[in-house]
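Encoded as C-alpha cells, the structure appears first; notes follow it.
Every number here is computed from the coordinates shown, using simple stated rules; none is lab data. Keep in mind that this is a model prediction, so the values were computed, not measured. Positions of Cβ are backbone-derived with ideal geometry, glycine not excepted, and every protein chain shown enters the neighbour counts.
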Amino acid sequence: MSRIGKKAVPTPAGVQVTISGQAVTVKGPKGELSWTVADEIEVRQEGGELIVAKRVDTPRAQAMWGLTRTLVNNMVVGVTQGYEETLELVGVGYRAAMKGNMLSMQLGFSHDVDIPAPAGVTFATPKQTEVKISGIDKQLVGETAARIRRIRPPEPYKGKGVRYAGEKVRRKEGKKK
C-alpha cells in the first residue's frame, strides 16, 4: 500500500492547476509545467488540494500511484520555489565562467568545455570553482547537473573532478615504494 499516494498535494496561493483528461498543468509565479498521468491513475482537485487515486487495483496502478503524487508535488514546488543544484570543481586550474548563456569550464583537457543551457535551465557561477544550476523542472535540473558531472567525475586518488556540493569522495591510498 502506498503511503505517499495517500497524501494530498497542497496547492499554495498563486498556483493554478488545470486537469483536462489525463493531462495535469500547473501554473505558478515561476512558470508552467504539464505532465500526462497514466490511465490507471486519477487526479482530482478538492478545495486547495490535489487528490491522487487509483482507478483500478492492479500492480501497475499501485506502482504509478505514489510516483504520480510525487511528480505532481514536484511540479507544484517547482513553479513556486524552483529547484537548484550546486556543483563544485576540485582540481588545480579547474574553473568555470559564463559566456553569454553558455557555461565554459576548464577541466584539465586541452580545450575548454562549453555547455549550452537547456531551455528552462539557468547557469550561474558565483565563484570560479562553483556552478549553480537552477530551474523549475526537477528532473531537467538534476539531469543537467549529472551530465556536467559526467564530463569529469571525481577520481578516488586525488579527489579531482566535478562533484555535487557536499558530496563525499571515497579516497584510495596511492602506490607504495
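A few remarks follow.
- Rotationally averaged projected area of the stretch 47-99 (alpha carbon convex hull; nm²): 7.4 nm²
- Cross-link pairs beyond the 26 Å C-alpha cut-off, checked among LYS7/LYS27; LYS99/LYS168; LYS27/LYS168; LYS27/LYS132: LYS99/LYS168; LYS27/LYS168
- Annotation for GLU84 and ALA13: the two label points, set 7 Å from Cα along the Cα-Cβ direction, are 2.5 nm apart.
- Taking THR125, THR18, THR58 in turn, the Gaussian network model of the chain (Cα-Cα springs below 10 Å) assigns the largest fluctuation to THR58.
- Diffusion of the stretch 83-164 by Stokes-Einstein, at 20 °C in a medium of 1.002 mPa s and with Rh set to the Kirkwood radius over alpha-carbon pairs, works out to 170 µm²/s.
- Within a Gaussian network of the chain (alpha carbon springs, distance under 10 Å), most fluctuating of GLY14, GLY66, GLY28: GLY14
- Residues ILE4, ILE51, sorted so that the one with the fewest Cβ neighbours within 10 Å comes first: ILE4, ILE51
- Largest first and in whole Å, the equivalent-ellipsoid semi-axes of the chain read 40, 20, 12, each the square root of five times a Cα gyration tensor eigenvalue.
- Helix 138-151 axis, angle to the chain major axis (alpha carbon atoms, nearest 10°): 20 degrees
- Taking 0.890 mPa s as the viscosity and 25 °C as the temperature, the Stokes-Einstein diffusion coefficient of the stretch 71-130 based on its alpha-carbon Kirkwood radius rounds to 186 µm²/s.
- Counting only alpha carbon atoms, the long axis of helix 59-80 and the longest principal axis of the chain meet at about 70°.
- Top of ARG163, ARG152, ARG69 by mean-square fluctuation, Gaussian network on the chain, Cα under 10 Å: ARG152
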